[in-house]
Amino acid sequence: MTTSFKTEILTATHNFGTAPTRGTGVADTFKAALYLASASLGAGTTVYSSTGEVTGTNYTAGGVTVTNATAPTNSGTTAYWTPSASITYTNVTLSTSFDAVLIYNSSQTNKAVSVHTFGAQTITAGTFTLVMPTNGPGTALLNIA
Amino acid sequence: MALVNTTKGEMEESLLEKKEGTVDNDNETVLWTEYWLDGELVHRSVHMTLKKFNLMGEAVAASF
């Protein structure tokens, strides 16, 4: 597989199927939703669902928009992408423990991209900040090696 | 003077008991900050750096 193809997977340049039809020049919108420790998320997750999502003061169902100012790229034989800013939930109260974030494509019928788990947390009238890893081959949030 | 957002509205930091901690493991680094008032938790924020990532490829299994 060519490295250019790996990068083009992340930009939807190729379409082996029949859908979706895309315009050009505009990136999709990706969002990040938080899930309770009791929820079941993983590689089998196909789409965003409010089932098991956190609820609380100042948290909107569906989560927050992911900042996407850096296009996917490649280095060596790895294509990669990372959100260009931290994912932040400001002034929220999330009293029930949560331990996962779902990245999903809200421009494409909320199709799931990735699930990231972490130690269970609660937030009280505070801010939950997810700092992204270094955007490089092997360290980016998404890698196709 | 610094103001802290709490369950009781914004309060002066000096009126609150501050607790901080860190957790560092293979998956994430967590910095948490709590403020307490008379034994009641009134603020908790978490600053988390993810270390793991999603990897798919020809010779490397997915990490998630």
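The values are calculated or read from the model by the stated rules, or taken from the named source; none is laboratory data. None of these values were measured; they are calculated from a predicted model. Neighbour counts are summed over all protein chains in view; Cβ atoms, including those assigned to glycine, are modelled from backbone coordinates with ideal geometry.
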In the stretch A:10-32, how many residues are modelled with pLDDT of 85 or more and among the hydrophobic types (A, V, I, L, M, F, W, C)? 4
Sole exception among (1) within 9 Å of another protein chain (Cβ to nearest Cβ); (2) of a type outside the set (S, T, N, Q); (3) surrounded by fewer than 16 Cβ atoms within 10 Å (Cβ to Cβ); (4) farther than 30 Å from B:E40 by Cα for A:G119, by number: (4)
Of (1) more than 8 Å from every other protein chain (Cβ to nearest Cβ); (2) among the small types (G, A, S); (3) surrounded by 11 or more Cβ atoms within 10 Å (Cβ to Cβ), B:S45 fails just (1)
Please work out which residue is farthest from B:V23 (Cα to Cα), limiting yourself to the stretch A:94-109 and to residues that are β-branched (V, I, T) and surrounded by 17 or more Cβ atoms within 10 Å (Cβ to Cβ). A:I103
Condition test on A:Y35, is it of a type outside the set (K, R) and farther than 29 Å from A:T2 by Cβ? yes
Qualifying positions in the stretch A:125-145 - under 17 Å from B:H47 (Cβ atoms), assigned to a strand (DSSP E or B) and in contact (Cβ under 8 Å) with a residue 40 or more places away in the chain: A:A125, A:F128, A:T129, A:L130, A:V131
Does the stretch A:30-49 contain at least one residue that is basic (K, R) and buried (at least 17 other Cβ atoms within 10 Å of the Cβ)? yes
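One line per residue, one yes/no per condition, for (1) at the interface with chain B (Cβ under 9 Å from one of its Cβ atoms); (2) assigned to a strand (DSSP E or B):
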{"site": "A:L94", "(1), (2)": "no, yes"}
{"site": "A:F98", "(1), (2)": "no, yes"}
{"site": "A:T109", "(1), (2)": "no, no"}
{"site": "A:I123", "(1), (2)": "yes, yes"}
Got a sec? Which of A:A112, A:A140, A:A61 is within 28 Å of A:L36 (Cβ to Cβ) and crowded, with 21+ Cβ neighbours inside 10 Å? A:A140
Specify which of the listed residues (A:S49, A:S38) is without any contact (Cβ under 8 Å) to a residue 12 or more places away in the chain and either under 14 Å from the mean Cα position of the chain (by Cα) or more than 8 Å from chain B (Cβ to nearest Cβ) (or both). A:S49
Filter the stretch B:22-31 down to the residues that are within 10 Å of another protein chain (Cβ to nearest Cβ) and out of contact with any Ser or Thr (no Cβ under 7 Å at 6 or more places or on another chain), then identify the one that is farthest from A:F128 (Cα to Cα). B:N25
Out of (1) over 20 Å from A:M132 (Cα atoms); (2) free of Cβ contacts under 8 Å to residues at least 24 places away in the same chain; (3) facing chain A (nearest Cβ under 10 Å), what's the single condition that is false for B:K19? (3)
